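Everything on this sheet refers to the single structure shown next.
The values are calculated or read from the model by the stated rules, or taken from the named source; none is laboratory data. What you see is a predicted model, and the numbers here were worked out from it, not measured in a lab. Note: ideal-geometry Cβ built from the backbone for every residue, glycine included; neighbour counts use all protein chains shown. Quick note on the areas: whole protein, heavy atoms, side chains included, nothing else; ligands and nucleic acids left out. Shrake-Rupley method; radii C 1.70, N 1.55, O 1.52, S 1.80 Å.
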Amino acid sequence: LADKSNIALGSVSQVMKELEENNYILKASDKRNLKNIDDLIERWVVAYNDILKPRLLRKTYKTLNFDVLRETVINNERYNIFFGGEPAAEIMTNYLKPLDYIIYSNDDLSVLGKELKLIPDNNGNVKIYNTCWDKNIKSNSKNIAPALVVYADLIGSGNNRNIETAKIILENEL
């Protein structure tokens, strides 16, 4: 677990102990099973939006052409660029038209800005965040963040339509 989660072995032990104490793990002989998964997801989403996600924000931009941005990210082969939030939800559900764009990437910001044709703007509606998942975690769609991250982005927005779309993702993807 330490290797897969990229955290220290002692931290894994502490997390496992907390999960047991909070009734999220059921121990049966030599196995451990997760329970109360829906509650655990909701707790993770709150912690992600309150603690981790603000630390991952790299820069805010605007774009002059959302179609070019969308096609560049979706068809990208050279960089590790992933849609989160609304654009990911649009691709996953065909239910939402994005207004705000979340992009996850650890690549150089100047390269991303040039590649995606972005203009720095503190009030823009394109935000680039560092990724927070292991590269071996795959999404069902190319260049889309994992479903749990997309779900958390939508819930964290506080927008009713995003929350409605998040419920679709919860039912179908998580």
Exercise for review: Report yes if some residue within the stretch 153-173 is on the phi < 0 side of the Ramachandran plot and touching a strand residue (DSSP E or B) at 6+ places or on another chain (Cβ under 6 Å); otherwise report no.
Suggested key: yes
Check your understanding: What are the residues in the stretch 1-10 that are open to solvent by less than 70 Å² (accessible area, probe 1.4 Å) and part of a helix (DSSP H, G or I), if any?
Key -> ALA2, SER5, GLY10
Exercise for review: Tell me which residues, restricted to the stretch 24-43, are farther than 18 Å from LEU154 by Cβ and open to solvent by 60 Å² or more (accessible area, probe 1.4 Å).
Suggested key: LEU26, LYS27, SER29, ASP30, LYS31, ARG32, ASN33, LEU34, LYS35, ASN36, ILE37, ASP39
Review point. Any residue at all in the stretch 78-86 that is touching a residue at least 12 places away in the same chain (Cβ under 8 Å), under 17 Å from the mean Cα position of the chain (by Cα) and in a helix (DSSP H, G or I)?
Key: yes
Exercise for review: For the stretch 111-132, name all the residues that are in contact with a helix residue (DSSP H, G or I) (Cβ under 9 Å, 6 or more places away or on another chain), aliphatic (A, V, I, L, M) and surrounded by 14 or more Cβ atoms within 10 Å (Cβ to Cβ).
Suggested key: LEU116, LEU118, VAL126, ILE128
Review point. Residues in the stretch 137-159: is at least one surrounded by fewer than 18 Cβ atoms within 10 Å (Cβ to Cβ), hydroxyl-bearing (Ser, Thr, Tyr) and either touching a Phe, Trp or Tyr at 6+ places or on another chain (Cβ under 8 Å) or in a loop (DSSP other than H, G, I, E, B) (or both)?
Key: yes
Review point. What are the residues in the stretch 11-60 that are assigned to a helix (DSSP H, G or I) and either in contact with a strand residue (DSSP E or B) (Cβ under 6 Å, 6 or more places away or on another chain) or at positive phi (or both), if any?
Key: LEU19, LEU56
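Per-residue answers, yes or no, for (1) assigned to a strand (DSSP E or B); (2) within 14 Å of the chain's Cα centre (by Cα):
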position: LYS62; (1), (2): yes, no
position: VAL73; (1), (2): no, no
position: ASN76; (1), (2): no, no
position: ALA88; (1), (2): no, yes
position: LYS97; (1), (2): no, no
position: ILE103; (1), (2): yes, yes
position: SER110; (1), (2): no, no
**Study point:** Pick from the stretch 69-109, criterion under 11 Å from ASN162 (Cα atoms) and among the aliphatic types (A, V, I, L, M), ranking: most open to solvent (accessible area, probe 1.4 Å)
**Key:** LEU99
Review point. Which condition breaks for VAL46 when tested against (1) under 17 Å from GLY124 (Cβ atoms); (2) under 14 Å from the mean Cα position of the chain (by Cα); (3) surrounded by fewer than 16 Cβ atoms within 10 Å (Cβ to Cβ)?
Key: (1)
